[in-house]
Number of protein chains: 2
Amino acid sequence: MKRRLLSVGVAALVGAVLGGAAMGQTEFVNTLMPQPAQLTAGNGRLNLLPGFTVIVDKFRDERLDGAVHRAIQRLQMQTGVMVGTAAQMQPGALVISVDGAGEAVQGVSENESYTLEISGANAHLQAATDVGAMRGLETLLQLVQADGHGFWLPAVTIHDSPRFRWRGLMIDCSRHFEPVSIIERTLDAMASVKMNVFHWHLSDDQGFRMESKVFPKLTEAGSEGQFYTQEQAREVVAYARARGIRVVPEFDMPAHTTSWVVGYPDLASGPGPFAVEHHFGIFNPVLDPTKKSTYDFIDKFIGEMASIFPDEYMHIGGDENNGVEWRENPQIQAFMKQHGLKDRAALQNYFNEKLLPILTKHGKKMIGWDEVLTPDLPKDVVVQSWRGFNSLAAGARQGYSGILSAGYYLDHMDSAADHYRVDPLPKNSDLTPEQAARIIGGEACMWSEYVDPQVIESRIWPRTAAIAERLWSAQSVDNVDDMYRRLRVQSLRIEQLGLTQISQEDASLRALAGTSQIDSLKVVAAVLEPVTFDVRGHWSSQHGITNQMPLDKLVDALRPDPPSRHNFAELMSTYLQDPAARPGQQEALEAMFRSWIDAQPEVMQLMAGSPLLGEALPRAQQLSQLGTMGEQALAYLAAGTPAPQGWKQQQIAVLDAAAQPIALTRFTVLKPLRDLVNEVK
Amino acid sequence: MKRRLLSVGVAALVGAVLGGAAMGQTEFVNTLMPQPAQLTAGNGRLNLLPGFTVIVDKFRDERLDGAVHRAIQRLQMQTGVMVGTAAQMQPGALVISVDGAGEAVQGVSENESYTLEISGANAHLQAATDVGAMRGLETLLQLVQADGHGFWLPAVTIHDSPRFRWRGLMIDCSRHFEPVSIIERTLDAMASVKMNVFHWHLSDDQGFRMESKVFPKLTEAGSEGQFYTQEQAREVVAYARARGIRVVPEFDMPAHTTSWVVGYPDLASGPGPFAVEHHFGIFNPVLDPTKKSTYDFIDKFIGEMASIFPDEYMHIGGDENNGVEWRENPQIQAFMKQHGLKDRAALQNYFNEKLLPILTKHGKKMIGWDEVLTPDLPKDVVVQSWRGFNSLAAGARQGYSGILSAGYYLDHMDSAADHYRVDPLPKNSDLTPEQAARIIGGEACMWSEYVDPQVIESRIWPRTAAIAERLWSAQSVDNVDDMYRRLRVQSLRIEQLGLTQISQEDASLRALAGTSQIDSLKVVAAVLEPVTFDVRGHWSSQHGITNQMPLDKLVDALRPDPPSRHNFAELMSTYLQDPAARPGQQEALEAMFRSWIDAQPEVMQLMAGSPLLGEALPRAQQLSQLGTMGEQALAYLAAGTPAPQGWKQQQIAVLDAAAQPIALTRFTVLKPLRDLVNEVK
C-alpha cells in the first residue's frame, strides 16, 4: 500500500494536497480543524455501517466513558448509523486505548497528545490520558467522509499534539450576563476545536457575577440579580473537566471593582456611595490597598473561591487602574509617601505583592493582565497580554510565562484571517529557545459591551476556530484560503452541537422585519458586518449607550466576517488575476450584482416600514449602486473598452460613501469592488 | 370619538373587521392570539417613545415585579425604546393596578381576567390577581404596532377572561428526555398564548425521569442517567408559577411502569427480570395491585412528590393496561376471584380505589386518562380524554370534570386548522348547562416517540397556539384564514422568546446537506411535512425503531403544517374561485411552479451525495413534475383550451404517486393541485 507522509510541522501541505474535494488521488477531503501535527494518508476506508463498534480496551473511568458516549451520540446523529460498544475485540471496530486519567486537576502540562490509526480493517485511538483521547475523538468525528452510498473513515495515521499548552477563550460575563446554558454550549464548541482553557471573567464594574456565601452582598448589591450560584459554577467546572477544559476564574482587582464596593464600600479608596455601573469605559472605583481589612477580605474571598475553582491558576485582572481614587485620597497619598511608593504603578505593585501570598496560601498561582508584570513577582506568575507580543517578549526575557490576547479580541470585529495571522511566537522573534518556551499560548477574548445571550455565539464562532488552529497547529499551517474552506465546515459542525452562530442572523432579521419573508433582506445582510469596536465604542459613548439597552438592531443581527467577505474577495481575485477563467467567474459575479440590484425595492419597503431597520435604509440603496457599478465594470472589461469619461471617479465616490459607517454597519465587499473598478481602463 | 364595540363572544368579527393591514378604518392590525373575549377599538394611539414608563400602583409582590420586568425587557427588545418604571403617576404611562397575588397555589379557579384600556393619554391594565396581570401584559405586548416612524399602542378597551379554566400542554419526557432549558422555553411560549397548565409526563416504560430520594433506584435503574433532580423540578415549578402556569406531574400507573420495576421488581405483577424499554407500544409490566407493599411504596412516593409539586392535582395515568401480567399471575387471578373482581377493568378499578385515599392523604386530587373513570370515584377526579368528546360527555353526565386531549395530539401531525376545529364543548352537544360546566378545558399532548430536544419545538409550535386560542377565546372565534394570519405573527413572537421552531429546519437542512448552500433544498423542504403518526408508527415498528436511534433524517428537519400548506391552498382557492383576480394569482403560482422545477437539478445532486438525504431523492423529481403539471394547467386555463387527450389522467397518476409516503415525508400541496388539474377541461 502506497503511503505518503505529510508532516504538517514541516510544510502546510495538508490543505493544499488533501484539501480539494476534486483531488481524487486521496481517499478523503481534509476538513480537520485544527490541523494535526502529523498526518499520513493511506489508501482504503473503514466503512461506518450499522453495528460499527467502539471498544475501550485499557484504562476506563467515568470521564472517558462520558466522552466516548458523547462521541457515539454525535457519530450516530451525523450518520444515522447505530454504533454499539463492546468489551471484546472485533473486526472493523474503533479501539480506544488510554493509559490513565491524566492529572487529577488538569494543569498546563496535561498530556493532550494522541495517535489515531485508521485502516480498512479498524481504527485505533491511543492516548496517554483521557484528555488526549478526547482530542482524538474530535479528530475522528471530523474525519467522517460521505458520498451517496454511505459514510466512512479514511485510512490515515495521525500523530498529534498541540503547539501551545494554553489555548483559551475568555468570556466577560460582567458587562452582559450569560446563562449557564450558553457557557456550556460554548464549552462544547471549544472542545470541538481542542481549546483547553475557559477564562471566566466574573467580576467587573458592571456586575459581580459569582455568588459568595462569605460576602453575600457582592451579588446582593453588585449583580442586579444576575449571577452564578456556587452550585452552577461547580456544574460549569465539572462540565468543562468532562471535556478536557480548565476553568480559570477572574476576579479583576484592584480596579474594575465598582460592583464589589457597592455592597462593601469599606473596600473602596473613594468615599462612595457607589452604584453598579451601566456604562462602558474605565471608572474610578478601586480597592484600598493600604488597609489590612482589604487583604482580610480578599483572603477570605479567595479561600472561598478556591474551594469552587480547582484550577492551579486564579486570574486577578490587574488592568486599567486610572489611579483617580488613590490620587484623591489623602490617607492613601500619605501611605504612599510613608512606604516610598512613588506612583500609581508602585502602589499597585505593592498591592500585587500582598496579594501573592494570599493566592499561594490557597494553593493558587497568579495570572493577570500586562499591568501585573513587575520584576519582584515570582516566576510562576503568568502574564496575559492585551498589549501585544513585545510586552509578552519582555516578560519572557525576565523569566515570566505569558499568553497572547492582543490580536485575538473578538469584539474588535476583525476577520478570522486577521486573527489567524497573529502568532503568539512570530517567526521573526529574537527570543532564545528558553525564552520562547515561556510563551505558552493565547486566549481569544470576548468582551461583552455589545453581546448578549442572543448575539454572543455569532460573535465568538466561527472566528475562534481559526484562533484555536493557530494555537494548536504548526506555525506553517497558514494558508488562509484553506483555513476558510475548513472554517465553513467547522461552523456547520458547531451548529450541530446546538449553537446558533449561523441561525441567529435569520431569526433576528425575522424579528426586525416582523415577517418570515426575508429573502431580499438577507441579500443585503449577507454583505454587511458590524463596524469595528473603535467605531462602535465612539458612537456608543456619544449616545450614552449602556448595558441596559437592548441589542436589537441590524448590527446585532449581522455576523462579523460573514462568508461574503472572503468568498467575494476570492471570486474577484480569481477573476482579476486569471483572464482565462474569467467567463466562469464573470457569470457568478453578474448573478451576485444582479441580486444586489433586484433586492433593493423590496428591502427598501421593508426597511422603511420598520423603525428598527429604518436607520440602515441607505445600505439598500448603496448596495444597488454597487451592483450597478459591478455590472458596468464587468461589461467594460468584457468588451475591452474604456469606461466613459468620469465614470471611474464617480464610482470611487460611491465606494467612498459606502465605506462610511451607517447604522453601525459596514460592507464586506468594497475592497474587491474597488479593485474591479480600478481594473477598468 | 367614534367607538365600535366588537364583542368577540357574539361574533368573530375582530379578524374580519380589524384583521386586514389594509383596512385603514382602524388604528391597528389585530394580531392578538388568543383573541380576547371583548375588544372595543377606539381612535388614537399611545406612542412608545423613550421615557415610556410603567407604574405598578396598587398591589405589588415579587412575582408581579418579575412579570413586569420581563414584559419591559421584551418591549424594549421589540422596539428598541428604553422603558422606565416610576412610583408616581405620569402622563403617557402604563399603569398596572392589581388587587392581590391570587391563590397561594394556583388552582383551577384562579382568576385570570383583566381589563386593558389604552387611549392616546395612557394605558391602564387592571386585574384581580398577578396571573390576570400577566395575561394582560401578554396582550399588551401583542398589541404593539409599528410603521416607518415608530411604535405605538392602539386605543382599545379589552375585557378578557378565558372560556376554559384548564388550558394545558403535556410533554412526555420519558420516551425522549428533554432538558430543563427546553422545558423553561416551552413555559415562556405557553405563557405567551395564555396557557396555564404544564402537564409533565415523568414516567413511562422508557424511563423514570424524576429523582426520588426515598426510592433512588427509580432513576438509578430506570432512567439510564436521564432524569430531573428534585432541585430542577422545584426550579421548573417556580419558573412556571412565575408565569401563571400550574405544573401537574404525571406518574403513570399501574401500567406503563417498566421503568419503575427495573429497580423495584417486587412492585411488578410479572416475574421479571425487567429492563428499561427502548421500543414503543404497549408493554406487559404492570404494578401488582394485590400486595400491600405496592400501596406502601406508592404512599411514600406520592408523599415525597407532594413535597415537590404543590399543585392540587396529581396525574396517575391509568391508561393502556394490557392485562397480560395480571392474567398470567396465578396469585393475582386468585386474588381477583377472592374479591369478586371479574376482569382487568375491575382490578384496575380496585387499584384506583386504593390509590385515591393515598392521594387524599397527601392533599392531592386525582386526574387520569379515560380509563380511570368508574362510577365509584369521587366527583373531584378529573378525566383527561384521549378517546374524545363522547367519553368526556359520559363523564360529565356522571358528574365528573374533564379535559379534552383527543384532537389535540401534536404527534399526529395534524394541521393547526384541524386542531382549531376541535372544541372541548361542541355547539351541538346535548349536555345540560350544569354538565357542560364540567368540561373545564383541554390539553395539547406532545408524546415523544419521535421528538428529541432539537425536534420538539417545531413539533409543539406554532400549532399549539391555535389550540391555546380554542381554549381561551370564544367558540365563535373560528375563522381559519384569520387564525393562520395571526399564527404566523405569533410564531415570530415565540421565536423571539428564544425558541427554535422556525430556525431549526434550516439548521437541520444544513447538517443533512453538509453545506450552508441550501436555497434549493429549502424549496423542496418547504412543501413537505412529516407523515402522520399512524404511518410513521407502522413504519417504525416494521423497522424496529427505538428511542436510542437518532432523529436526523429529512422528516425530522421538516415542520408539521408548514406555511406552504395553508398559503398554497389559499392562493389556489382564490385563483380557482375568483376569475377576476386570476392574473395576479396566476403570476404568483407560476413563480412557485417555476421554483419547483428550477430546484430539481441542484437538489438531486445534493440528495444523491448525502446518505441521509438520499432516501428522499424521489421527492425532488416529483416536485419538478408537480411544477410542470401546474404550469401546464395554468396555461390551459389561461388559454381557455382543453388539455390534450390523456393529460388529466396522467396528472392524476402523478398526484397519486406523489401522495405515497417516501422517506416518511408527504407533500403539503397535493389537494390544491388536484383541484387545479380538475379545473382544466
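The values are calculated or read from the model by the stated rules, or taken from the named source; none is laboratory data. Since we're looking at a predicted model, the values are computed, not measured. Please note: Cβ atoms are built from the backbone with ideal geometry, for glycine as well, and neighbour counts cover all protein chains shown. Areas reflect the complete protein model, heavy atoms only, side chains present, ligands, DNA and RNA absent. Shrake-Rupley method; radii C 1.70, N 1.55, O 1.52, S 1.80 Å.
Of note:
- Of the residues making up region A:140-195, those that are under 26 Å from A:Ile118 (Cα atoms), within 17 Å of the chain's Cα centre (by Cα) and outside any loop (DSSP other than H, G, I, E, B) are A:Asp188, A:Ala189, A:Met190, A:Ala191, A:Ser192.
- Conditions (1) touching a Pro at 6+ places or on another chain (Cβ under 7 Å); (2) not in a helix (DSSP H, G or I); number of the one not met by B:His201: (1)
- Out of A:Phe309, A:Phe335, one residue alone is at pLDDT 95 or above and under 24 Å from A:Glu224 (Cα atoms). It is A:Phe309.
- Of all residues in region A:378-387, those satisfying the criterion of being assigned to a loop (DSSP other than H, G, I, E, B) and either open to solvent by 10 Å² or more (accessible area, probe 1.4 Å) or modelled with pLDDT of 95 or more (or both) are A:Pro378, A:Lys379, A:Asp380, A:Trp386, A:Arg387.
- Residues satisfying the criterion are absent from region A:55-71 (criterion: at pLDDT 95 or above, of a type in the set (A, V, I, L, M) and open to solvent by 60 Å² or more (accessible area, probe 1.4 Å)).
- For first residues located in region A:135-156 and within 14 Å of chain B (Cβ to nearest Cβ), partners that are buried (at least 20 other Cβ atoms within 10 Å of the Cβ) and assigned to a loop (DSSP other than H, G, I, E, B) and lie 6+ apart or on another chain with Cβ distances below 6 Å form the pairs A:Gln142/A:Leu32; A:Gln145/A:Phe28; A:Phe151/A:Leu48; A:Trp152/A:Leu48.
- B:Gln517 being at negative phi and without any contact (Cβ under 8 Å) to a residue 24 or more places away in the chain: yes
- Strands (runs of 3 or more DSSP E) (entirely within region B:22-92) containing at least 2 residues that are over 30 Å from B:Met483 (Cβ atoms): B:52-56, B:83-86
- First in region B:355-377 and under 25 Å from B:Ser307 (Cβ atoms), second anywhere and assigned to a helix (DSSP H, G or I) and of a type in the set (Phe, Trp, Tyr), Cβ under 8 Å, 6 or more apart: B:Leu355/B:Tyr295; B:Ile358/B:Tyr295
- Scanning region B:35-47 for residues that are aliphatic (A, V, I, L, M) and open to solvent by 10 Å² or more (accessible area, probe 1.4 Å) turns up just one, B:Ala37.
- Taking the criterion of being within 30 Å of the chain's Cα centre (by Cα) and either open to solvent by 10 Å² or more (accessible area, probe 1.4 Å) or hydroxyl-bearing (Ser, Thr, Tyr) (or both), the residues of region A:260-283 that qualify are A:Val276, A:Glu277, A:His278, A:His279, A:Phe280, A:Gly281, A:Ile282, A:Phe283.
- Residue list for region B:647-669, filter: assigned to a helix (DSSP H, G or I) and either among the polar types (S, T, N, Q) or in contact (Cβ under 8 Å) with a residue 40 or more places away in the chain (or both): B:Gln649, B:Gln650, B:Gln651
- Between B:Glu138, B:Glu117, B:Glu112, B:Glu103, the distinction of being under 21 Å from B:Met33 (Cβ atoms) and surrounded by fewer than 20 Cβ atoms within 10 Å (Cβ to Cβ) belongs to B:Glu117 only.
- Those residues of region A:420-437 which are surrounded by fewer than 14 Cβ atoms within 10 Å (Cβ to Cβ) and part of a helix (DSSP H, G or I), in sequence order: A:Pro433, A:Glu434
- In region A:308-341, the residues that are open to solvent by 30 Å² or more (accessible area, probe 1.4 Å) and farther than 23 Å from A:Pro378 by Cβ: A:Glu320, A:Asn322, A:Arg327, A:Glu328, A:Pro330, A:Gln331, A:Gln333, A:Ala334, A:Lys337, A:Gln338
- Exclusive hit being open to solvent by less than 10 Å² (accessible area, probe 1.4 Å), over 29 Å from A:Pro563 (Cα atoms), part of a strand (DSSP E or B) and not charged (D, E, K, R), set A:Gly402, A:Gly395: A:Gly402
- Yes/no for A:Ile460 being crowded, with 23+ Cβ neighbours inside 10 Å, modelled with pLDDT of 95 or more, of a type outside the set (Asp, Glu) and under 30 Å from A:Leu341 (Cα atoms): no
- Considering residues of region A:508-526 that are more than 7 Å from chain B (Cβ to nearest Cβ) and polar (S, T, N, Q) only, the residue most open to solvent (accessible area, probe 1.4 Å): A:Gln517
- Sub-8 Å Cβ pairs linking a first residue in region B:292-305 that is without any contact (Cβ under 8 Å) to a residue 40 or more places away in the chain to a second residue that is in a helix (DSSP H, G or I), at least 6 apart or interchain, are B:Ser293/B:Asp266; B:Ser293/B:Leu267; B:Thr294/B:Leu267, ordered by first then second residue.
- Helices (runs of 4 or more DSSP H) wholly inside region B:534-625 that include at least 3 residues being open to solvent by 50 Å² or more (accessible area, probe 1.4 Å): B:563-577, B:582-608
- Taking the listed residues B:Glu505, B:Glu529, B:Glu495, the one that is among the charged types (D, E, K, R), more than 14 Å from every other protein chain (Cβ to nearest Cβ) and either touching a Ser or Thr at 6+ places or on another chain (Cβ under 9 Å) or in contact (Cβ under 8 Å) with a residue 12 or more places away in the chain (or both) is B:Glu529, with no other qualifying.
- When we screen A:Thr432, A:Thr500 for residues that are closer than 19 Å to A:Leu558 by Cβ and either more than 11 Å from every other protein chain (Cβ to nearest Cβ) or β-branched (Val, Ile, Thr) (or both), the only hit is A:Thr500.
- Residue tally, condition farther than 17 Å from B:Gly225 by Cβ and within 11 Å of chain B (Cβ to nearest Cβ), over region A:50-73: 1
- Single match in B:Val455, B:Val477 (criterion: over 16 Å from the mean Cα position of the chain (by Cα) and surrounded by 20 or more Cβ atoms within 10 Å (Cβ to Cβ)): B:Val477
- When region A:120-133 is filtered for residues that are assigned to a helix (DSSP H, G or I) and either surrounded by fewer than 19 Cβ atoms within 10 Å (Cβ to Cβ) or out of contact with any strand residue (DSSP E or B) (no Cβ under 8 Å at 6 or more places or on another chain) (or both), only A:Val131 remains.
- Test: residue in region A:261-279 that is at pLDDT 95 or above, closer than 24 Å to A:Asn547 by Cα, out of contact with any strand residue (DSSP E or B) (no Cβ under 9 Å at 6 or more places or on another chain) and among the aliphatic types (A, V, I, L, M): yes
- Tabulated pairs, region B:585-610, first away from chain A (no Cβ under 13 Å) and among the hydrophobic types (A, V, I, L, M, F, W, C), second outside any helix (DSSP H, G or I) and open to solvent by 50 Å² or more (accessible area, probe 1.4 Å), C-beta under 6 angstrom, 6+ apart or interchain: none
- Some residue of region B:482-491 being modelled with pLDDT of 95 or more and more than 14 Å from chain A (Cβ to nearest Cβ): yes
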